[in-house]
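Right, one structure below, let's go through it.
The values are calculated or read from the model by the stated rules, or taken from the named source; none is laboratory data. Keep in mind it's a predicted model, so treat the numbers as computed, not measured. Counting neighbours? That spans all protein chains shown, and the Cβs are built from the backbone with ideal geometry, glycine included. Protein only, heavy atoms only, side chains kept; ligands, DNA and RNA dropped before computing areas. Shrake-Rupley method; radii C 1.70, N 1.55, O 1.52, S 1.80 Å.
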Amino acid sequence: MKIASWNVNSLKVRLPQVLAWLEQARPDIVGLQETKLTDENFPAEALAEAGYQSVHSGQKTYNGVAVLAREPITGVVTDIPGFADHQRRVLAATIGDTRFINLYVPNGKAVGDEKYDYKLAWLSHLREWLAAEQERHPRLAVVGDFNIAPEDRDVHDPEAWRERILCSTPEREALQALTGLGLRDSFRCFDQPEGTFSWWDYRMNNFRRNRGLRIDLILTAPALTERLTASYVDREPRAWERPSDHAPVVAEFTV
DNA sequence: ATGGTCGGTAGCCGA
């Protein structure tokens, strides 16, 4: 089994790249973030022709998350239970015996901003939900754009980013609270090249200079962690014409 | 040198 996560930064613009990547990578389950589409504009037919069933929780202009899968999708949940939010950032689904939770974690804008407080509150509620989900579904994968670089080695210039948004200690502690539930950052279950990132700002030729952050993650519960065979960032689509500012991240498993 | 680029949308906001 091969699963993936990709912040596409507008699925309207990025559909050709997404279809090309699905064809070459052939993942079984994919979480997309920042589709920026309403449900009626979601390209379900084009994805079906590519061999993927899909569910979408959409919103005009902002956010929007989708799950694509080769097998039937059931058990769809679109909100963190008990956390009312009009922002479409959550999409949980069951495919086979895998529970797949796709997240677009709030960016937070800047440390101390009201959006930062929303981000930390959101992550606190997420932790409570994931603790319960893991009880119900041992084969749990939590994927998405977490908008948090877990450690300094996930940041091209840690000193420049020290205690800034995406890297602050409270954000990292909120992420560690998820790994404290037994969810592992699958990427770190393997030796990895230094300077591996998943997001590069469009400005300043940051991709060419590899000035990025690793903020797109695939977390796995023990029943999946023990079946992990690989976890990596696929940088290739970031180098394509008219790219998203994020690259897809991938995890592979035995069965 | 404190900006720079995208995308959505129509003057800026969000990332």
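Quick notes
- For segment A:32-43, the criterion of being more than 16 Å from DNA strand B (Cβ to nearest atom), more than 19 Å from A:Asn147 (Cα to Cα) and open to solvent by less than 50 Å² (accessible area, probe 1.4 Å) is satisfied by no residue at all.
- Against the test of being touching a residue at least 40 places away in the same chain (Cβ under 8 Å) and within 14 Å of DNA strand B (Cβ to nearest atom), the options A:Gly64, A:Gly58 yield a single qualifying residue, A:Gly64.
- Matching residues in segment A:174-190 - criterion: being part of a helix (DSSP H, G or I) and either open to solvent by less than 30 Å² (accessible area, probe 1.4 Å) or closer than 20 Å to A:His246 by Cα (or both): A:Ala174, A:Leu175, A:Leu178, A:Ser186, A:Phe187, A:Arg188
- Considering residues of segment A:81-97 that are farther than 17 Å from A:Lys36 by Cα and crowded, with 22+ Cβ neighbours inside 10 Å only, the residue nearest to DNA strand B (Cβ to nearest atom): A:Ala92
- Condition check for A:Gly75: in a loop (DSSP other than H, G, I, E, B), modelled with pLDDT of 95 or more, touching a Lys or Arg at 6+ places or on another chain (Cβ under 9 Å) and away from DNA strand B (no atom under 16 Å from the Cβ): no
- The residues in segment A:98-135 that are acidic (Asp, Glu) and either farther than 30 Å from A:Thr254 by Cα or within 13 Å of DNA strand B (Cβ to nearest atom) (or both) can be counted, and the count is 3.
- In segment A:3-12, the count of residues that are more than 10 Å from DNA strand B (Cβ to nearest atom), open to solvent by 10 Å² or more (accessible area, probe 1.4 Å) and not basic (Lys, Arg) is zero.
- Of everything in segment A:116-173 that is part of a helix (DSSP H, G or I) and among the aromatic types (Phe, Trp, Tyr), the residue that is farthest from A:Phe83 (Cα to Cα) is A:Trp161.
- The sole residue among A:Pro193, A:Pro170 that is closer than 25 Å to A:Asn9 by Cβ, more than 16 Å from DNA strand B (Cβ to nearest atom), at pLDDT 95 or above and open to solvent by 20 Å² or more (accessible area, probe 1.4 Å) is A:Pro193.
- Within segment A:197-210, residues that are open to solvent by 100 Å² or more (accessible area, probe 1.4 Å) reach no partner that is part of a strand (DSSP E or B) and not β-branched (Val, Ile, Thr) with beta carbons closer than 6 Å at six or more positions or on different chains.
- Filter result (under 30 Å from A:Glu226 (Cβ atoms) and open to solvent by 40 Å² or more (accessible area, probe 1.4 Å)) within segment A:149-167: A:Glu151, A:Asp152, A:Arg153
- Taken over segment A:224-255, residues that are within 24 Å of A:Ala174 (Cβ to Cβ), away from DNA strand B (no atom under 16 Å from the Cβ) and open to solvent by 20 Å² or more (accessible area, probe 1.4 Å) amount to 3.
- Yes/no for A:Glu49 being over 12 Å from the mean Cα position of the chain (by Cα) and more than 16 Å from DNA strand B (Cβ to nearest atom): yes
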